[in-house]
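Trainee: What follows is a single structure, and I will ask about it in a moment.
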Amino acid sequence: MGTVVNESNQQNQIDKSKRKWIYAKKPSGQFFNYRQVVGYGLLLFFFLGPILKINGNPFLMFNIIERKFSIFGNIFYPQDFHIFLFGMLIVLVCIVLFTAVYGRVWCGWTCPQTIFMELIFRRIEYLIEGDWTQQKKLNEGPDTDVKAWKKFLKHTIFLLISFIISNLFLAYIIGVDALYKIVTDPVENHIVGFLSIIVFTLVFYFVFAFVREIVCTRICPYGRLQGVLLDDNSVTVAYNVKRGEPRGKIRKDSSEEKGDCIDCNLCVNVCPTGIDIRKGPQLECVSCTACIDACDAVMDKIDKPRRLIGFYTLAEAEGTETEDAGKKKNTRAVIYTGILIVLMGIFGFMIFSRSDVDGRLLRAKGSTYQKRDDGTVTNLYTLEVINKTSKDLDFDLVSATEGVKIQVVNPISHLNREGSAKLSLFLIADQQSIKQYKTDVKVDIKVGDKVLETMETTFIAPPAKK
């Protein structure tokens, strides 16, 4: 008897660990229309990001290989790491603050995984295989020629779209011009690039054809963090328990008092991660609002107010929120949103106020001051100048410190677009004007009459004898 029980328990564990394929009902409604506007707008931005150019530079490019980044047409190099670091800090703060106030809206509305899955791949699935009941019937039914052709057509389109996405993804890394060479040149000239496209294609195809919602529910670390970031004042998609319970079917002859939920299960059928929102907050919920649209449609049919499922705090959903809690929630939302706006404003200022030329002036290794016969003292320096623009520049070096002159050992005055130059130069000063052993001096990099960069260094020389 014990053996039979153990075998039964093992079978139950196997059934629980076995993946249950989710067939999501085709969504529709007010929030879905809003999601389409947002989602397809972001898709357009994604497709145009590496293709559009400003001043000859990609609108967006993150070339990790060459450590070169282009944001809004501005090229960033390792010397601009502080801007990149600040940008990453803003992303981190946005994740924490935005989630704390607005819940997991990012996942359901702007996450690339959700947008591609729900607005492209699943839409193709609906078009070829039908709505969720038809898909389930097709997959569980016998193998027929119609089934084989539908599967072949669907997966062929999935592979084609994955190939396009992989090319765009690679364009963000190496730039659209380099990608064009990989695509047009003979394969043997770009083996690594060609293999990268193939690998990315297969990864995207595997994710969107088979892994699907598991990315959101198990793989993505953001979903795990949600439980830590949310609190009782966080707004998220929730079921209004006080209004909806006790749930049950509408019966004309029944005198039993029931809530507004008629237990139609449409909110479950339409959920892309397969959860029941009525069971309370769950990590698997991506706040896609499909359940809100489905429930609103039912409420309209039975002449009940909308938003049985809506954006609520946990206290609101359970009907326990006080007036003070509501004020606290609104105040926090305003403060957090204000912090995000300020941070993004500072980041935008750092991007657009960045100098077109970067210079690094360092004392030559192992060198010290040299006295000349004409009564002057010299210090030897090395200078690296980087052109961050997409055009050639002619520049001049000008001393910004009175009494200090510049003598360039290897005169260079031209910088190619995105190019750099290394120079050796002497800073020269009259010893009689030296008042202390270390003197702060400045050197300007000028293009025409405009100073693009001012560099500071230390000039070493013995002070003049009194």
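Trainee: Would you pick out the residues in the stretch 400-448 that are free of Cβ contacts under 8 Å to residues at least 60 places away in the same chain, surrounded by 15 or more Cβ atoms within 10 Å (Cβ to Cβ), of a type in the set (S, T, N, Q) and not in a strand (DSSP E or B)?
Mentor: Those that are free of Cβ contacts under 8 Å to residues at least 60 places away in the same chain, surrounded by 15 or more Cβ atoms within 10 Å (Cβ to Cβ), of a type in the set (S, T, N, Q) and not in a strand (DSSP E or B): THR401, SER433.
Trainee: Here are some residues: ILE65, ILE95. Which one is assigned to a helix (DSSP H, G or I) and either within 14 Å of the chain's Cα centre (by Cα) or modelled with pLDDT of 75 or more (or both)? Show your work before the answer.
Mentor: On the way: ILE65 fails: assigned to a helix (DSSP H, G or I).
One residue alone meets the criteria, ILE95.
Trainee: Looking at the stretch 187-204, which of its residues are in contact (Cβ under 8 Å) with a residue 40 or more places away in the chain and open to solvent by less than 40 Å² (accessible area, probe 1.4 Å)?
Mentor: Passing the criteria: only THR201.
Trainee: Oh, and also: Please find, within the stretch 404-437, the residue that is nearest to the chain's Cα centre (by Cα) out of those that are small (Gly, Ala, Ser) and under 15 Å from THR457 (Cα atoms).
Mentor: Of all residues in the stretch 404-437, those small (Gly, Ala, Ser) come to 413, 419-421, 424, 429, 433.
If we keep only those that are under 15 Å from THR457 (Cα atoms) as well, we get 424, 429.
On the way: SER424: 42, ALA429: 52 Å.
Here the answer is SER424.
Trainee: For the stretch 349-399, which residues satisfy the criterion of being open to solvent by 30 Å² or more (accessible area, probe 1.4 Å) and of a type in the set (A, V, I, L, M)?
Mentor: Within the stretch 349-399, MET350, LEU362, LEU380, LEU397, VAL398 qualify.
Trainee: So is THR184 over 22 Å from LYS26 (Cα atoms) and either touching a Lys or Arg at 6+ places or on another chain (Cβ under 6 Å) or touching a residue at least 40 places away in the same chain (Cβ under 8 Å) (or both) or not? Give the steps one after another, and end with the answer.
Mentor: Values: over 22 Å from LYS26 (Cα atoms): yes; either touching a Lys or Arg at 6+ places or on another chain (Cβ under 6 Å) or touching a residue at least 40 places away in the same chain (Cβ under 8 Å) (or both): no.
Judged against the criteria, THR184 is not a match.
Trainee: Also, quick follow-up: Can you list the strands (runs of 3 or more DSSP E) found entirely within the stretch 304-398 that contain at least 3 residues being within 30 Å of VAL408 (Cβ to Cβ), touching a Leu at 6+ places or on another chain (Cβ under 8 Å) and modelled with pLDDT of 85 or more?
Mentor: 357-363, 376-387
Trainee: Can I ask one more? Suppose we filter VAL286, VAL268, VAL298, VAL237 for residues that are in a loop (DSSP other than H, G, I, E, B), among the aliphatic types (A, V, I, L, M) and within 21 Å of PRO27 (Cβ to Cβ); which single one remains?
Mentor: VAL286
Trainee: If I filter the stretch 102-119 for residues that are at pLDDT below 80, assigned to a helix (DSSP H, G or I) and within 31 Å of the chain's Cα centre (by Cα), do I get at least one hit?
Mentor: yes
Trainee: For the list (1) more than 26 Å from the chain's Cα centre (by Cα); (2) buried (at least 19 other Cβ atoms within 10 Å of the Cβ), I need the number of the one condition that ASP263 fails.
Mentor: Failed condition: (2).
Trainee: Right, another one. Given the conditions (1) among the basic types (Lys, Arg); (2) touching a Pro at 6+ places or on another chain (Cβ under 6 Å); (3) within 14 Å of ALA171 (Cβ to Cβ), and given that ARG67 satisfies all but one, which numbered condition is not satisfied?
Mentor: (3)
The values are calculated or read from the model by the stated rules, or taken from the named source; none is laboratory data. Just so you know, these numbers come straight off a predicted model, no measurement behind them. All Cβ positions, even for glycine, are placed from backbone atoms using ideal geometry, and neighbour counts span all protein chains on display. When the accessible area is computed, the model is the full protein with side chains, heavy atoms only, and any ligands, DNA or RNA have been set aside. Shrake-Rupley method; radii C 1.70, N 1.55, O 1.52, S 1.80 Å.
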